[in-house]
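Note sheet for the following structure.
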Amino acid sequence: MEEMQLYEYAVLRYVPRVERGEFINIGLAMMCKRRRWLRLRLHLDPARCAAFSSDLDFEALRRQLAAFENIAEGAPSAGPIADYPVEERFRWLTAEKSACIQSSRPHPGLTDDLDATFHSLFNELVL
């Protein structure tokens, strides 16, 4: 059995009209500082997103989300933030924003299997 690991997670949301406060859960970001582990996974349902916003530019939303994925992965295309430690990239991804992509507040947890916990949380909170 692996050692228990402290992790934090946040749900990523599509907020078509910030002033209305309505959102759709579209992804999950999870981080374990001790293991230098960061995962982000997205699931966009075009029909569901369009139900909230008839003037949705789906490709523009995909491009914005690609930037989030690149930051989470530490990809060079993410710019200087790609070199930040995982906890700083997680903080950037989950910082409060008044934009169409937002996140819940981060929540902590303990697990002995980060990947299984990520998968479980993604299925429960996003799918």
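The values are calculated or read from the model by the stated rules, or taken from the named source; none is laboratory data. The structure displayed is predicted, hence computed values, not measured ones. Note that we place each Cβ from the backbone using ideal geometry, even for glycine, and neighbour counts take in every protein chain shown. Note: accessible area is taken over every heavy atom of the protein model, side chains too, but ligands, DNA and RNA are not part of it. Shrake-Rupley method; radii C 1.70, N 1.55, O 1.52, S 1.80 Å.
Restricting attention to region 41-57, the residues that are open to solvent by less than 70 Å² (accessible area, probe 1.4 Å) and not polar (S, T, N, Q) add up to 7.
Within region 48-74, residues that are among the polar types (S, T, N, Q) sit with their Cβ atoms under 6 Å from residues that are open to solvent by 20 Å² or more (accessible area, probe 1.4 Å) and in a loop (DSSP other than H, G, I, E, B), at 6+ positions apart or across chains, in these pairs: Ser53/Pro16. Considered as a group, the residues in region 1-16 that are hydrophobic (A, V, I, L, M, F, W, C) and in a strand (DSSP E or B) include one that is most open to solvent (accessible area, probe 1.4 Å), and that residue is Leu6. Across region 96-113, the qualifying residues are those that are of a type in the set (Gly, Ala, Ser) and modelled with pLDDT of 95 or more, and the one among them that is farthest from Pro16 (Cα to Cα) is Gly109. For region 17-40, the set of residues classified as open to solvent by less than 60 Å² (accessible area, probe 1.4 Å) and not in a loop (DSSP other than H, G, I, E, B) consists of Ile24, Asn25, Ile26, Gly27, Leu28, Ala29, Met30, Met31, Cys32, Trp37, Leu38, Leu40, listed by residue number.
Looking only at region 95-118, residues that are outside any loop (DSSP other than H, G, I, E, B) and either surrounded by fewer than 12 Cβ atoms within 10 Å (Cβ to Cβ) or within 13 Å of the chain's Cα centre (by Cα) (or both) come to 9 in all.
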